[in-house]
Amino acid sequence: MRQWLVGVVGLYPRTIRELYGEETSDLLVNSPTPVRDLADVAWCALRDRISQQTEPMTMLRARAGALTLAKLLLIPLGFAITLVALTPVLGPMQFTLEGLGISLGQPESPGYGILGVLPVGLLAWWLGRRLGQAGTIAAGWALVPAALALSMIAMAGVPGPGMILGETGSSSMLATLCWGVGLAALGLLVRNLMHRNRVAAGWTAGIGGGLLVLTLSTATYVFSGGAISLALPPDFSAVPVVSREHAPYWYLGLISGIYPDDAGVSGDFIMLSDAVKALPAVHTLCTIFTLALIAAATGSICRTPRESH
Amino acid sequence: MSGLSDLGRFSQSAMLILISLAAGPKHGYAMQNDIAELTGERPGPGTLYGAIRRLEEHGYIEALPERDRRKPYRLTDAGRAALTLELQRMRSLARTGLRRLAVA
């Protein structure tokens, strides 16, 4: 009857769970004070999860941890540089596609749209899986979005080159913060679903939730003043604005180049693209990277006990 | 021997577990009940097994083969020595404190 309480034992690191999970579950199920004991187990499990990483900290381990963190911090920069570097290649490709009647809009740079995101997204996926399978990152659902967001916030704060993540640094930072928080919550959900072998639900939540987080972060950029003439009411500025009712399409429109009919390509989305630059593309790539890492890490954890039998 | 203070925030629970096991091997549930009788407060499963894990790592207690799907633990010689040392330290501290109170 109280079996649902046992789920909290899953918060423990695997090694501790394997040693004491059954006994802890037994006490929890038979507890006269289940709510208090549930809180006690959750608190101790989270502390063990953190302390297990710090207690046996040797120089070698510290160096490996620092190297992993450095890799994570460099990843957004690597994605941004790759997108920019692809532009000379993608420009003619976009021109050719438009010649064939396939319009992909006119983003600031073709690399920031779907033409750039697709190939670099495959690279992001591969990198995420590789790092996840290595199993070197504890609590990846929290640590990875935090490290990537920190890196992007630092990038956005650099005068000049930082504008690749949007014309208005403060809005880029706020949008990235929103992205980081949203992705951490999504990562936890995906990890928990995959832990319970609900792989299809995990992927559905990952894709749907990923799109939602990216839509919200793009809207946060605009509404926080990143594209001031777009965010203000129409009668406030003489500059054409993107209607707020199109906010759910801002992200998808920027990445795909396919805009709602009434928004058109006549100016609104082009202005938005000019203001937001590579931010949605880099957020997209970091989302792909994070979800691939979490899925691979969860897969390797779930496989290990079965393989050991 | 470094003593129970090495167990950090678990040192209090660890001492209570060692006192509980001083009377003979017990499984987690029996330890919980015994400690509740001793102190009037039942330790939570997370706190209890957090302390058990650290005591095992230090070699102060060891697990015995499972009985009725429950794993009993017993005190080792190192655990007995650590507990004795800790109780003697507490007795000395208590004696000093009481003497000073009497003087005051």
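Under 5 Å between amide hydrogens, which residues at least 5 positions from B:Tyr73 or on another chain qualify, with H placed 1.01 Å from N in the peptide plane?
Under 5 Å from the amide H of B:Tyr73: B:Lys26, B:His27, B:Leu64.
How many nm separate the modelled label positions at A:Leu118 and A:Met93, each set 7 Å beyond the Cα in the direction of the Cβ?
0.7 nm
Run the simple label-point estimate for A:Val158 and A:Leu67 please: 7 Å along Cα→C-beta, distance reported in nm.
2.4 nm
Non-local amide H neighbours of A:Arg198 (under 5 Å, H modeled in plane, Pro and chain starts lacking H): which ones?
Hits under the 5 Å cutoff: none.
List, in order, the whole-Hz ³J(HN,Hα) value for each residue of the stretch B:88-95 obtained from phi through the Karplus relation with A = 6.51, B = -1.76, C = 1.60 and θ = phi - 60°; use x for Gly and Pro.
5, 4, 5, 5, 4, 5, 5, 4
Counting only other chains, what is the mean number of Cβ atoms within 10 angstrom of the Cβ of each residue in peptide B:48-61?
On the way: counts 8, 12, 12, 1, 4, 5, 0, 0, 2, 1, 0, 0, 0, 0.
Per-residue shielding by partner chains comes out at 3.
Simple spin-label model, 7 Å along Cα-to-Cβ: B:Asp68 to A:Asn30 in nm?
Going from the B:Asp68 label point to the A:Asn30 one covers 0.7 nm.
At R0 = 41 Å, how high is the FRET efficiency between B:Ala23 and A:Ala138 if r is their beta carbon distance? Nearest 0.05 is fine.
Result of the calculation: an efficiency of 0.60.
Apply the Karplus curve 6.51 cos²θ - 1.76 cosθ + 1.60, θ = phi - 60°, to the phi angles in the stretch B:66-71 and return the couplings in whole Hz, x for Gly and Pro.
4, 10, 6, 6, 10, 9
Between B:Arg53 and A:Ser256, what is the FRET efficiency for a Förster distance of 56 Å, r being their Cβ-Cβ separation, to the nearest 0.05?
0.60
Residues of B:63-76, mean number of Cβ from any other protein chain within 10 Å of their own Cβ, rounded to a whole number?
Averaged over the peptide's residues, the number is 1.
Sort the following peptides by mean Cβ neighbour count (other Cβ atoms within 10 Å, averaged over residues), highest first: A:146-153, B:75-82.
Numbers: A:146-153: 21.6, B:75-82: 17.8.
Packing proxy ranking, top to bottom: A:146-153, B:75-82.
Would you mind calculating the gained length between A:Thr15 and A:Trp43 on full extension (0.36 nm times residue separation, minus the Cα-Cα distance), in nm to one decimal?
Full-extension gain reported as 8.4 nm.
Give me the log10 of I(q) over I(0) for the stretch B:4-103 at q = 0.16, 0.21, 0.25 Å⁻¹, as the Debye formula computes it from C-alpha points; what are the numbers?
Those come out to -0.67, -1.06, -1.38, one per q.
Read-outs throughout are calculated quantities, based only on the coordinates presented, and are distinct from any laboratory measurement. This one's a predicted model, so the numbers in the text were calculated from it and none came from an experiment. Positions of Cβ are backbone-derived with ideal geometry, glycine not excepted, and every protein chain shown enters the neighbour counts.
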